[in-house]
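The values are calculated or read from the model by the stated rules, or taken from the named source; none is laboratory data. In this text the structure is predicted, and so the values were computed from the model without any measurement. No Cβ is skipped: glycine too gets one built from the backbone with ideal geometry, and neighbour counts run over all protein chains shown. Side chains included, ligands, DNA and RNA excluded: accessible areas come from the protein's heavy atoms. Shrake-Rupley method; radii C 1.70, N 1.55, O 1.52, S 1.80 Å.
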Amino acid sequence: MAFQDPQYLRETASQTAGPYVHIGLAPGAAGFDIYRQELGFDITGPNAKGEKIRVEGIVIDGMDSPIKDVLLEVWQANSEGHYAHPEGGGPVEEGFRGWGRVITDFETGEWGFDTVKPGPVMGRNGRMMAPHLNFWIVARGINIGLNTRMYFEDEAEANAKDPVINMIEWERRRATLIGKRSVRDGVTVYRFEIRLQGEDETVFFDV
Amino acid sequence: MKPAEFYQRNREIHPPALTPNYKTSVARSPRFSLISLQNSMSEITGPTFGHSDIDAIDNDLIKNYAKAGDPIGERIIVHGRVLDENARPVPNTLVEIWQANAGGRYRHKKDTYLAPIDPNFGGCGRTLTDENGYYFFRTIKPGAYPWRNWVNNWRPAHIHFSVFGTGFVQRLITQLYFEGDPLLKHCPIVHAIPDADAIDRLVARLDLNATIPLDTIAYKFDIVLRGRRSTLFENRLEGN
Ligand SMILES: [Fe+3]
């Protein structure tokens, strides 16, 4: 196992989050109140500029059934394409964290959150990346968190030039990363169905 | 500023997605290969947390849900450091844990195991590492519990850990096990990990030096997140 030089440490191995992940990361959903504030339920803070949007979806397993105990985390830039991080490309609004924790309805597996649409983000070698949300998905039966991205249906021109989308050899698989846009009660809603298996298996990344 | 990317994840020490002895993984494992992606700003950044996000008592599971007394069970300290693959401490990073009570029962509306709920035990805690990457929890040693996989599967005593790091690609969920647990060698979730050394590093060691005499037993558990290269990549707009 000489994968790394022995002077380096090796990463701690992943284990499934299990069925009771909510106790640790969203105890209110497990059925009890313990912390002054749970983290990850306000993605943008009060001062975020840009278009307010809602993102909704479902995670579907290989038996075509919704996964009702999945937990997702989202990581996104603000409307100017800056992440709330020292290396995030520029300043963000006061209170903007850009990170959210998303849990499903235990009966239906549907999930959703409110945020702002991110701007284009500077990619490697000076190539702009189309606006996107980064997702990390854990659940019982998932041994190591799954990474994917949601792009926006109404950004067709930017998506066509996106260096990450273009790296995916199979054009039909690229479509699995596009959130479908609709307007409901005056709010722009993007729907992102994540499929773990099947012909339309979502593209997952080794990042 | 030119950012540095993280080392490629060594997938050989992690469980693969599909591990049929852990039955739930069969329908929940992607079948296509992952698409390998070089880090961009979207990967090397990640959320940051501060002391305004949490309270000091959040890392004391003996007290953070106590109503009319302390929870039942063996009082333990779990402590250690969060490091990266370069053996450098990861300071100010959020560590969250959750676990069953001493009887092996979770405070979760979906857990129906017949062991009783402990009225004084919530079963979750969180803390930030200090400037040396050090973290500390006080809790109750969790009990083993049965689960539906094979008809007679029992999870070894374990504490679930969630850790962030500085970049979203360091995000990790794992489980801490206890030295000497006879159930370890029978657990399909543990043995989803193909590498014996990687399993061994999930086993917390009794730490008599950190034990508080006549009060609390201690276990030490270090966590290693992905490390970063020292070379930088270009992310300035072409032509600038
Ligand atoms: Fe568990």
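Some points to look at:
- For the stretch B:176-193, the set of residues classified as within 16 Å of the ligand (Cβ to nearest atom) and more than 7 Å from chain A (Cβ to nearest Cβ) consists of B:LEU176, B:TYR177, B:PHE178, B:ASP181, B:LEU183, B:LEU184, B:HIS186, B:CYS187, B:PRO188, B:VAL190, B:HIS191, listed by residue number.
- The lone exception for B:LYS109 - which of (1) at pLDDT 95 or above; (2) open to solvent by 10 Å² or more (accessible area, probe 1.4 Å); (3) more than 18 Å from B:GLU74 (Cβ to Cβ) it fails: (1)
Results for (1) without any contact (Cβ under 8 Å) to a residue 60 or more places away in the chain; (2) open to solvent by 10 Å² or more (accessible area, probe 1.4 Å); (3) more than 7 Å from every other protein chain (Cβ to nearest Cβ), shown as yes or no for each residue.
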position: B:PRO3; (1), (2), (3): no, no, no
position: B:PRO15; (1), (2), (3): no, no, no
position: B:THR19; (1), (2), (3): no, yes, no
position: B:LYS23; (1), (2), (3): no, yes, yes
position: B:ARG28; (1), (2), (3): yes, yes, no
position: B:ARG31; (1), (2), (3): yes, yes, no
position: B:THR45; (1), (2), (3): no, no, no
position: B:GLY50; (1), (2), (3): no, yes, yes
position: B:ASN59; (1), (2), (3): no, yes, yes
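- Residue, surrounded by the most Cβ atoms within 10 Å (Cβ to Cβ), within the stretch A:88-135, restricted to residues that are in contact with a helix residue (DSSP H, G or I) (Cβ under 7 Å, 6 or more places away or on another chain) and closer than 30 Å to B:ASP111 by Cβ: A:ILE103
- Top-ranked residue of the stretch B:67-100 - restricted to ones that are within 16 Å of the ligand (Cβ to nearest atom) and under 17 Å from the mean Cα position of the chain (by Cα), ranked as surrounded by the fewest Cβ atoms within 10 Å (Cβ to Cβ): B:GLU96
- Close Cβ contacts (under 6 Å, 6 or more residues apart or on different chains) running from residues in the stretch B:152-175 that are at the interface with another protein chain (Cβ under 8 Å from one of its Cβ atoms) and without any contact (Cβ under 8 Å) to a residue 24 or more places away in the chain to residues that are of a type in the set (A, V, I, L, M) and away from the ligand (no atom under 11 Å from the Cβ) comprise B:ILE173/A:VAL138.
One line per residue, one yes/no per condition, for (1) at pLDDT 95 or above; (2) away from the ligand (no atom under 16 Å from the Cβ); (3) surrounded by 21 or more Cβ atoms within 10 Å (Cβ to Cβ):
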position: A:ASP5; (1), (2), (3): no, yes, no
position: A:VAL21; (1), (2), (3): yes, no, yes
position: A:ARG54; (1), (2), (3): yes, yes, no
position: A:ASP64; (1), (2), (3): yes, yes, no
position: A:HIS85; (1), (2), (3): yes, yes, yes
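- Scan of the stretch A:20-35 for residues that are more than 15 Å from B:THR112 (Cα to Cα), under 21 Å from the mean Cα position of the chain (by Cα) and in a loop (DSSP other than H, G, I, E, B), ordered by number: A:ALA26
- Residue match in the stretch A:190-198 (condition: at the interface with chain B (Cβ under 10 Å from one of its Cβ atoms) and in contact with a Lys or Arg (Cβ under 7 Å, 6 or more places away or on another chain)): yes
- Residue count, the stretch B:1-36 (criterion: under 14 Å from B:GLN170 (Cα atoms), assigned to a loop (DSSP other than H, G, I, E, B) and either in contact with a Phe, Trp or Tyr (Cβ under 9 Å, 6 or more places away or on another chain) or at pLDDT below 95 (or both)): 2
- Residues in the stretch A:176-204 that are open to solvent by 60 Å² or more (accessible area, probe 1.4 Å) and closer than 19 Å to A:TRP136 by Cα: A:ARG191, A:GLU193, A:ARG195, A:ASP200.
- Checking the stretch B:208-218 against the condition returns no match, with no residue being within 16 Å of the ligand (Cβ to nearest atom) and open to solvent by less than 10 Å² (accessible area, probe 1.4 Å).
- Residue in the stretch B:102-139 that is farthest from the ligand (Cβ to nearest atom), counting only those that are assigned to a strand (DSSP E or B) and away from chain A (no Cβ under 14 Å): B:TYR134
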